[in-house]
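Encoded as structure tokens, the structure appears first; notes follow it.
The values are calculated or read from the model by the stated rules, or taken from the named source; none is laboratory data. What you see is a predicted model; the values in this text were computed from it and never measured. Positions of Cβ are backbone-derived with ideal geometry, glycine not excepted, and every protein chain shown enters the neighbour counts.
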């Protein structure tokens with residue numbers, strides 16, 4: 001698909017509206033949720049007021065709807081919000097997903113859930129141990145992509161949790177137990193490598209293959225754990241290669257909130273990765289150029305696309321269109337090739353209110369248009 005200079009995308013999840021959360025639980029909508037639904041539908045036109053699902057939801061009869069019908073509405077809402085903002089690539093903002101670890105693991109045999117552990121702040125996730133040979137029971141996210149493909153007006157994409165993160169966020173009992181002798185650093189690393197490659201080959205790759213067979217052409221591999229152990233960047237790349245080997249699609253890699261310098265050059269061995277979708281705006285502060293790390297790509301001769309984070313997803317302050325354009329132009333000068341840049345937030349906007357997220361995205365798209373126009377003007 002042909003895209004304009006500085007095309008735009010989102011690379012993470014979006015907050016779920018209150019009406020969706022209440023509806024999924026089978027609870028009647030309160031007055032604020034009903035008002036919120038109406039206000040957003042007036043702007044985005046994501047729901048037909050005459051649709052039985054909508055009428056029952058707004059009438060307080062969500063208990064009999066089932067979660068799938070409500071999640072369909074939530075997915076349509078996110079799609080239309082992204083398209084209203086003007087994004088060139090869209091998905092459903094992960095409207096059907098609760099989190100990015102537990103669901104994929106539940107589609108596999110060879111794991112046993114042990115309990116909740118703290119990930120950060122007051123966030124917890126249910127952690128599993130790998131206890132046997134990994135076997136995929138069924139490819140996942142297929143219905144999610146089918147829905148996006150059927151309803152998206154812009155180019156559809158799909159994010160998938162990467163094999164390194166699935167392994168890193170699990171206890172490695174099985175593969176470590178198969179290692180003979182003392183379980184020292186080298187032994188643990190060997191066991192972790194085997195775990196990453198096995199989950200890539202046995203679970204992630206068949207899922208990617210099934211998605212491609214359904215028509216998915218752009219797949220984003222999410223590896224948030226990559227920055228936790230930068231000395232294992234080679235395992236991130238090896239897992240990516242094992243998951244994507246021989247598959248015909250465009251694969252990108254999203255790594256959020258990392259000290260990217262420490263991942264070089266090992267991360268560059270992810271051979272089938274066509275785009276690095278990373279975070280930059282969060283560290284772009286007065287006295288510190290958040291985009292200087294892009295110089296490493298020139299240093300190592302890597303010419304792949306860059307998913308350029310231009311919105312700080314941790315702050316409500318809305319970046320001006322001029323600031324977005326300035327960041328894009330600054331990055332283009334560092335890279336020396338503006339055609340390599342895709343424009344996106346640093347990560348998902350799920351921690352921001354939907355109103356803040358919408359305005360940030362609108363400003364991002366307009367900032368990209370301003371930067372595009374600047375490059376189209378002939379030099380004086």
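Listed by first and then second residue, the pairs with beta-carbon distance under 6 Å, at least 6 apart or on different chains, first residue in the range 28-43 and free of Cβ contacts under 8 Å to residues at least 60 places away in the same chain, second surrounded by fewer than 18 Cβ atoms within 10 Å (Cβ to Cβ) and not in a helix (DSSP H, G or I), are 28/60. Within the span defined as the range 151-165, every residue fails to be farther than 25 Å from residue 219 by Cβ and not in a loop (DSSP other than H, G, I, E, B). I'd like the residue in the range 202-226 that is surrounded by 20 or more Cβ atoms within 10 Å (Cβ to Cβ) and either farther than 22 Å from residue 107 by Cα or out of contact with any helix residue (DSSP H, G or I) (no Cβ under 9 Å at 6 or more places or on another chain) (or both) and, out of all such residues, is modelled with the lowest pLDDT. It comes out as 226. Only a single criterion out of (1) surrounded by fewer than 20 Cβ atoms within 10 Å (Cβ to Cβ); (2) modelled with pLDDT of 95 or more; (3) in contact with a strand residue (DSSP E or B) (Cβ under 8 Å, 6 or more places away or on another chain) is not satisfied by residue 139, namely (3). The C-beta contact set for the range 174-190 (first residue on the phi > 0 side of the Ramachandran plot and free of Cβ contacts under 8 Å to residues at least 12 places away in the same chain, second residue assigned to a helix (DSSP H, G or I) and surrounded by 14 or more Cβ atoms within 10 Å (Cβ to Cβ), distance under 8 angstrom, 6+ apart or interchain) comprises 181/187.
Considering the range 26-50, and only residues there that are loosely packed, with under 13 Cβ neighbours inside 10 Å and in a loop (DSSP other than H, G, I, E, B), the residue that is farthest from the chain's Cα centre (by Cα) turns out to be 50. For residue 328, state whether it is closer than 17 Å to residue 282 by Cα, in a helix (DSSP H, G or I) and in contact with a strand residue (DSSP E or B) (Cβ under 8 Å, 6 or more places away or on another chain). So residue 328 passes the test.
Going by the structure shown, is residue 332 crowded, with 22+ Cβ neighbours inside 10 Å, under 18 Å from the mean Cα position of the chain (by Cα) and either closer than 17 Å to residue 5 by Cα or modelled with pLDDT of 95 or more (or both)? No: the conditions fail for residue 332.
Filtering the range 250-293 to residues that are in a strand (DSSP E or B) and either surrounded by 15 or more Cβ atoms within 10 Å (Cβ to Cβ) or touching a helix residue (DSSP H, G or I) at 6+ places or on another chain (Cβ under 6 Å) (or both) leaves 250, 251, 252, 253, 254, 255, 273, 275, 276, 277, 278.
Mind checking whether some residue in the range 348-356 is touching a helix residue (DSSP H, G or I) at 6+ places or on another chain (Cβ under 9 Å), assigned to a helix (DSSP H, G or I), at pLDDT 95 or above and under 14 Å from residue 314 (Cα atoms)? Looking for residues that are touching a helix residue (DSSP H, G or I) at 6+ places or on another chain (Cβ under 9 Å), assigned to a helix (DSSP H, G or I), at pLDDT 95 or above and under 14 Å from residue 314 (Cα atoms), one finds at least one in the range 348-356, hence yes.
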